[in-house]
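The values are calculated or read from the model by the stated rules, or taken from the named source; none is laboratory data. Bear in mind that the values here come from a model prediction, so they are computed numbers and not experimental data. Please note: Cβ atoms are built from the backbone with ideal geometry, for glycine as well, and neighbour counts cover all protein chains shown.
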């Protein structure tokens, strides 16, 4: 595993991200400016517990969120992102929206350090239904929200108009 250190100043733990194989690493590789924002958010928080979800309004436009609120007027489809078994919900002809919110999910490793498991620009949201991290709120949330059409590379053979969950 390749560990990119985000914070080594704390005496109790280090904070790192796996830039090669984690969801956070994949996101950051497409938006490298977010690394500085993650560092900014993490420097202001003392981490405790096995899993910590941080969401903060940074008070300025930091980029665009790929998740939008949908209505009956939207054309919705479902598809599996590349290398995923889980279907995501997409809205055609919708575009990423400016956001001042940053979400970071960190998980404590077996050495007592924290790994940034996922991060994105925008509000915190539950995983898609069917995902290992799905919650009881997942289905309800994703009935009214969707990813913008070009948010992820999808498996074209998986596209369907029928909700798979």
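Condition (residue is in a strand (DSSP E or B), under 24 Å from residue 153 (Cβ atoms) and modelled with pLDDT under 95) applied to the range 71-85: is it met by at least one residue? Show your work before the answer.
Within the range 71-85, the subset in a strand (DSSP E or B) is 76-79, 81.
Within this subset, residues satisfying the condition of being under 24 Å from residue 153 (Cβ atoms) are 76-79, 81.
Within this subset, residues satisfying the condition of being modelled with pLDDT under 95 are 81.
The answer is yes; a qualifying residue exists.
Any residue at all in the range 1-11 that's under 21 Å from residue 133 (Cβ atoms) and modelled with pLDDT of 90 or more?
We begin by selecting, within the range 1-11, every residue under 21 Å from residue 133 (Cβ atoms); these are 1.
Imposing the further condition that a residue be modelled with pLDDT of 90 or more reduces the set to none.
Checked against the condition, which is being under 21 Å from residue 133 (Cβ atoms) and modelled with pLDDT of 90 or more, the range 1-11 yields no hits at all.
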Exercise. Checking residue 163 against (1) modelled with pLDDT of 95 or more; (2) surrounded by 16 or more Cβ atoms within 10 Å (Cβ to Cβ), which single condition isn't satisfied?
Worked result: (2)
Problem set entry | Scope the range 4-50; condition out of contact with any helix residue (DSSP H, G or I) (no Cβ under 6 Å at 6 or more places or on another chain), farther than 20 Å from residue 61 by Cβ, surrounded by 12 or more Cβ atoms within 10 Å (Cβ to Cβ) and in contact (Cβ under 8 Å) with a residue 60 or more places away in the chain; matching residues | 13, 14, 16, 22, 23, 24, 42, 47
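Here are some residues: 112, 63. Which one is on the phi > 0 side of the Ramachandran plot and buried (at least 16 other Cβ atoms within 10 Å of the Cβ)? Full working, then the answer.
Values: 112 fails: buried (at least 16 other Cβ atoms within 10 Å of the Cβ).
Being on the phi > 0 side of the Ramachandran plot and buried (at least 16 other Cβ atoms within 10 Å of the Cβ) holds for just one of 112, 63, which is 63.
Check every one of the strands (runs of 3 or more DSSP E) wholly within the range 86-165 and list those with 3 or more residues that are touching a helix residue (DSSP H, G or I) at 6+ places or on another chain (Cβ under 9 Å) and in contact (Cβ under 8 Å) with a residue 40 or more places away in the chain. Spell out the reasoning first.
Working: elements: 88-91, 97-99, 101-108, 114-121, 145-148.
Strands (runs of 3 or more DSSP E) meeting the threshold: 101-108, 114-121.
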